[in-house]
1. Would you please name the residue that is nearest to residue 153 (Cα to Cα), looking only at residues in region 44-65 that are surrounded by fewer than 22 Cβ atoms within 10 Å (Cβ to Cβ) and within 14 Å of the ligand (Cβ to nearest atom)?
2. Can you tell me which residue is farthest from residue 7 (Cα to Cα) among those in region 233-249 that are near the ligand (Cβ under 8 Å from one of its atoms) and at pLDDT below 95?
3. In region 15-42, what residues are within 13 Å of the ligand (Cβ to nearest atom), modelled with pLDDT under 95 and either part of a loop (DSSP other than H, G, I, E, B) or over 17 Å from the mean Cα position of the chain (by Cα) (or both)?
4. Which condition does residue 225 not pass, out of (1) without any contact (Cβ under 8 Å) to a residue 40 or more places away in the chain; (2) more than 9 Å from the ligand (Cβ to nearest atom); (3) crowded, with 16+ Cβ neighbours inside 10 Å, if it passes all the others?
5. Every residue in region 50-92 that is touching a helix residue (DSSP H, G or I) at 6+ places or on another chain (Cβ under 7 Å) and closer than 30 Å to residue 236 by Cα, please.
6. Whether any residue in region 99-118 is over 30 Å from residue 219 (Cα atoms), out of contact with any strand residue (DSSP E or B) (no Cβ under 6 Å at 6 or more places or on another chain) and part of a loop (DSSP other than H, G, I, E, B) is what I want to check.
7. Looking only at region 260-276, which residues are within 13 Å of the ligand (Cβ to nearest atom) and in a helix (DSSP H, G or I)?
8. Of the numbered conditions (1) more than 29 Å from residue 256 (Cα to Cα); (2) in a helix (DSSP H, G or I), residue 69 satisfies every one except a single condition; which is it?
Ligand code: SF4
């Protein structure tokens, strides 16, 4: 976040705590705009997934299920059948708002990502254990709990963590956040005695790979970022003040109308007026009851991100 344009926003005390763990995606969300993080991860308002997120989830699901199949059976035909079947489910789940042009974009972009995947590697030669696909990573650094799921890890000549991207590869200066996320997973696994040698980002539509060795200073920086970010979250919660970051993130932010940094007459976040406004925008609030926390098998109070 660029410090010069941040706006301090006071919120009402709603009695909520921070999620008990921090995931790499939560770190990115807080870095983008800590007020948006508060609306979502502390107050519990669910941000509806936009088209890029839906495409990303669809392609990740297809690749996850595809690589769980025996290597000799990982043919293009099987992959396209998986994309068609999973895509139909995704379209049905979102048909209330997907427009005709969205459907075309969803089909074109997910197909382009899958084609890119086959251009980048031969899945029949890829050796990957099922437990290394969507593998959970958990570790504690200076009493901050890291928890997340990596896309996949392979262990041939080198132990490598791979993260799929369904966007085009950004210019080098914008790779930092994505590389730090995978370095953080490598640091987490190192805590349990597994040394990862390399991290990799695969930008599927552009057929681009970015690989980096997991050198010590990069792992240390990722851990330091985790710990300092959690301290900033703690401090924001204590002061009931969160930094809004008006800028490009606002274009896709579900909370614009309730954000005092963007909408002059927006009520103080967390007050009944603000809650009513968010409800009137058809946003849903996650409610965690004792039973669904127990059934989830995770201690997530109040709101961890659901995909980690
Ligand atoms: S509208 Fe912009 S500044 Fe406000 S919460 Fe959303 S991303 Fe942050």
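1. By that ranking, first place goes to 50.
2. Restricting to residues being near the ligand (Cβ under 8 Å from one of its atoms) and at pLDDT below 95, the top hit is 249.
3. None - no residue of region 15-42 is within 13 Å of the ligand (Cβ to nearest atom), modelled with pLDDT under 95 and either part of a loop (DSSP other than H, G, I, E, B) or over 17 Å from the mean Cα position of the chain (by Cα) (or both), so the list stays empty.
4. In the conditions (1) without any contact (Cβ under 8 Å) to a residue 40 or more places away in the chain; (2) more than 9 Å from the ligand (Cβ to nearest atom); (3) crowded, with 16+ Cβ neighbours inside 10 Å, residue 225 misses (1) alone.
5. Across region 50-92, the qualifying residue is only 50.
6. The initial filter retains those residues of region 99-118 that are over 30 Å from residue 219 (Cα atoms), namely 99-112, 114-115, 118.
Remaining after also requiring out of contact with any strand residue (DSSP E or B) (no Cβ under 6 Å at 6 or more places or on another chain): 99-112, 114-115, 118.
Those still in the list that are part of a loop (DSSP other than H, G, I, E, B) too: 99.
Looking for residues that are over 30 Å from residue 219 (Cα atoms), out of contact with any strand residue (DSSP E or B) (no Cβ under 6 Å at 6 or more places or on another chain) and part of a loop (DSSP other than H, G, I, E, B), one finds at least one in region 99-118, hence yes.
7. 274, the sole residue that qualifies.
8. (2)
The values are calculated or read from the model by the stated rules, or taken from the named source; none is laboratory data. Just so it is clear, the structure is predicted and the values come from calculations on it, not from any experiment. So basically every Cβ, Gly included, is an ideal-geometry build from the backbone, and we count neighbours across all protein chains shown.
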